[in-house]
Amino acid sequence: MLLVDTHLLLWAAFEPARLSAKAAKTLQSRETPLLFSLATVWEVAIKTSLGRTDFSVDPGLFHRALLAEGFVELPINASHLIRVATLPWVHRDPFDRLLVAQAMEDKLTLLTADATLKRYGRFVRLV
């Protein structure tokens with residue numbers, strides 16, 4: 001199963017031209033179940049609440065749209081949070097670190113466009 005990172009989900013929804021051809025193909029094929037983390041909804045909610053003029057996404061609508069598109073919701077468990085403590089500090093973003101921890105803990109592959117995350121190893125696929 002594939003866990004899709006926040007940037008890819010936002011780009012797919014609002015700026016599909018930003019997706020690489022590989023990312024677009026993977027998201028459209030649906031050969032493998034696609035998951036989104038509740039950490040992504042949390043990140044969107046926080047960024048929206050900051051009132052930034054460059055970011056205005058309704059987190060509830062975003063969540064419902066992901067479910068309607070067939071994405072599977074991945075909850076945040078204590079084991080995910082505990083795994084974050086074991087990660088090397090190759091990335092500073094707490095949401096990305098949680099996504100990596102979820103992928104590792106649940107034996108998923110995290111799809112991302114963030115090359116830095118690839119340094120976490122086999123659980124991360126750059127698209």
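Please treat every number below as a calculation from the coordinates, not as lab data. All values derive from a computational prediction rather than experimental measurement. Backbone-built Cβ (ideal geometry, glycine too); neighbour counts: all protein chains shown.
Working from Cα pairs under 8 Å separated by at least six residues, relative contact order for the range 2-126 is 28 percent. Counting every pair of alpha carbons in the range 2-117, the share spaced more than 24 Å apart comes to 23 percent. Maximal additional length on extending the M1-T109 stretch stands at 38.2 nm, based on 0.36 nm per residue less the C-alpha distance.
With a simple spin-label model that places each label point 7 Å from the Cα along the Cα-to-Cβ direction, the separation between E31 and N77 comes to 2.8 nm.
Each of R119 and W42 was given a label point 7 Å from its Cα along the Cα-to-Cβ line. The distance between the two points is 2.3 nm.
Calculated [222 nm] ellipticity per residue, helices only, for the chain: -13500 deg cm²/dmol; basis is -39500 (n - 2.57) per DSSP H run with n ≥ 4, divided by all residues, nearest 500.
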